[in-house]
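Bear in mind these aren't lab numbers, they're just calculated from the coordinates by the rules spelled out. In this text, all values refer to a predicted model and were calculated from it rather than measured experimentally. Here the Cβ is made from the backbone with ideal geometry for all residues, glycine too, and neighbour counts use every protein chain on show.
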Amino acid sequence: MLDLSALLRPTSPEEAVRLFAETRGNGLYVSGGTVIVPSGSSRLDFLVDLSAAGLDYVRPAAGGSGEEGSGAGPGLALGAGTCICDLARSQQVADVAGGVLHEAAAAVATHTVRNRASLGGNVIASHYPTDLPPALLVLDAELIAMNLEGTHEISLEEFYANRRALHRKGDLVVEVRVPPVSRGLTAAFEKLGRIKLDIAIVNAAAALRVEEGGIADARVAVNGTGRPPSRLREVEAFLSGKPTVRETFEEAGRVASASVDPRSNHRASGAYRKKMIGVLVRRALARAAEK
Ligand SMILES: Cc1cc2nc3c(=O)[nH]c(=O)nc-3n(C[C@H](O)[C@H](O)[C@H](O)COP(=O)(O)OP(=O)(O)OC[C@H]3O[C@@H](n4cnc5c(N)ncnc54)[C@H](O)[C@@H]3O)c2cc1C
């Protein structure tokens, strides 16, 4: 059970960071609380509640209208406190790259969980096989983080590859930024859970941009291996220049399976996850191409 000495409720991100730094003991930020509250950690002294900190928004990224003539659409600025329910019903989110982030948001648990769960919590709590990271990775998303020294940007891929160095205790994620997406880039998300509403055993997202000669840009990402969510660079290299035919996607699925070494837990064995990552990557690629 949580046994806190303080529950702090800042009204801005700056105040949140200051309160976190000033308060004694072991603390955490809390957004929707769907991870922290069920965990019932007795080692927590305080929580900094972000629900009134002004981090709840979905809007076009400033200056993100895309270069004229490049075919790029505007990027998105997503407040870290935005509930997953809002991502799942936002037309702006649905319009990006064929709606991959929209699909991932709609795949998170139930309405009840989505109404509380936040984007920031989903990105941070990726020790669970959370659904948004693969979709955000194929969109080349960045995190905007804040500490007492100011704000800094971190690519999501680097964040997961080197989290300890890039994100210290007390650093607040204020925003997830999706850069402008080139016209023609389409992406899809796939999830496997024990039942539809369950957290994933594994999940995957794939994005493709096709030119006359074949695949010009391929991005593939997975979560649920027991390691941080990641792009599968070997699969992306394999896909470069290939035609968008069933055989290409089947072989890409085999390359994906061969390139991961997932861990086992009570939900599934590592061997099953390895096999299913290949299946989900194949399906995500085929759906991205159809779009
Ligand atoms: C029944 C149930 C089913 C679930 N099913 C799914 C599912 O299908 N798919 C899925 O993806 N997830 C699922 N989850 C996990 C969880 O609900 C989500 O990952 C959710 O998005 C977490 O967000 P939150 O705001 O509730 O996180 P919180 O519990 O508030 O926080 C989680 C972690 O993130 C940190 N944090 C939160 N916001 C910030 C911030 N802005 N800056 C820095 N640190 C921050 C907190 O300190 C904490 O360490 C499920 C959870 C439950 C209870």
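Descriptive notes on the structure:
- Residues 211, 234, 103 arranged by fewest to most Cβ contacts within 10 Å: 211, 234, 103
- Residues considered: 209, 164, 233. Largest GNM mean-square fluctuation over the chain, using C-alpha springs under 10 Å, is found at 164.
- Taking the C-alpha atoms of the chain, convex hull volume expressed per residue in Å³: 125
- If the chain linking residue 110 and residue 148 were pulled fully straight, counting 0.36 nm for each residue of separation and taking away their Cα-Cα distance, it would gain 10.1 nm.
- Mean-position separation - Cα centroids, region 106-155 and region 183-254, in angstrom: 19
- Too-long pairs where the Cα-Cα distance tops 23 Å, listed order kept, from 169/191; 169/274; 242/291; 196/242: 169/191; 169/274; 196/242
- Cα long-axis angle, helix 270-290 against the chain (0 to 90 degrees, to the nearest 10): 70
- Cleavage-rule hits, trypsin sites (Lys or Arg not before Pro), region 17-67, DSSP coil, Cβ neighbours within 10 Å at most 15: 24, 43
- Neighbours of residue 204 by Cβ distance under 10 Å: Lys/Arg scored +1, Asp/Glu scored -1, total +2.
- Global form of region 186-290, assessed from the alpha-carbon gyration tensor, a/c cut-off 1.5: prolate
- Charge context of residue 117, other residues only, Cβ under 12 angstrom, K/R +1, D/E -1: 0
- Cα gyration tensor shape of region 6-49, rounded if a/c is under 1.5, else prolate or oblate by comparing a/b with b/c: oblate
- Within the chain, helix-based [θ] at 222 nm, where runs of 4 or more DSSP H residues each add -39,500 (n - 2.57), nearest 500: -9500 deg cm²/dmol
- Sequence-distant aspartates and glutamates (8 or more away, or on other chains) whose Cα lies within less than 12 Å of residue 275: 261
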